[in-house]
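We did not get these values from a lab; they are worked out from the coordinates using the rules stated. Fair warning: this is a prediction, and the values are worked out from it, not measured in the lab. Cβ sites come from the backbone with ideal geometry, for glycine too, and all protein chains shown count toward neighbours.
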Amino acid sequence: MSGLTFRRPFTILGIVLALLVIAAFVLVALNAQNATSSPQIQVVVAAKDLQPRVPIDAASLTLRSMPVPATYPKVYFSRKEDLQGRIPLVSIPLGAAITSNEVVNAPQALGAQSEYLPIPSGYVALTIPTSEQQGVANYIQPDDYISVIATVTNGNKVASKTIFANLHVIRIGVLGGGGNATSLTVVVTECQAEVVTWFLTYASMKYTLESFHDYLSSSPQAPDPACPNVASAKGVTLQAIQAAYPTLF
């Protein structure tokens, strides 16, 4: 009788331990079920590392389902179309869900966070003044190609000549938000930039808008062998301009 009494506490202890083990398994199963049944949202994530100042294209995005975060609402995107063309303010790693505070629309990108201008390697951007009469009545738009005519007055002689053709316009400047363009930003070599600057200082310039049939493939893809980089520019003088454009003088 005393032996049974001695073993009874161990029997009860074993039962309690077994019940605790069963309860633990039940809790684990319930937690797993809750995790799998938690609300899901479909969000746009980066399909590759996204860099600041580089517009986002469709190939850079993909969709993924994820649980609703505890800190929700955090503004995610559910459609890739809503992000195309926007500009990251920070680096966004591959697989990261993109939030609205990490990107801006291109017109909103200012200062150090602005979009890179589409300047091919070996070229520079140069802004030149324009007006309705000078710039084809404001018909020049980004991605158009223009030619530049310079008019020089030399004593009693006045002469005009097309000094450059197929200059790619990448931006239009509108002062104060008005409707008339005040500047054109074009892609040129650094050597061309020096020549244009000389004519802006000592002559008058007018622009012609080229037919789109003529400039569909005019955008430079490789550096100009005559002026492959900024260091190639050596400056211009009156004598150099006269030698390059003798009919103007």
### Message
Taking the alpha-carbon distance from K80 and a cut-off under 18 Å, which lysines remain once sequence neighbours fewer than 8 residues away in the same chain are dropped?
### Response
K48
### Task
Mind checking which lysines have their Cα closer than 25 Å to the Cα of K206? Skip sequence neighbours fewer than 8 apart in that chain.
K157, K161
### Task
Can you tell me the relative contact order of the stretch 40-110? Whole percent, Cα pairs under 8 Å, sequence separation 6 or more.
41 percent
### Query
Around D57, with a cut-off of 11 angstrom between Cβ atoms, what is the net charge of the other residues, counting Lys and Arg +1 and Asp and Glu -1?
+3
### Query
What is the local net charge at E210, summed over the other residues whose Cβ is closer than 15 Å to its Cβ (Lys, Arg +1; Asp, Glu -1)?
-2
### Message
About the Cα centre, and with charges only on the beta carbon of Lys, Arg (+1) and Asp, Glu (-1), how big is the dipole of the stretch 40-110? Nearest 20 debye, please.
### Response
60 debye
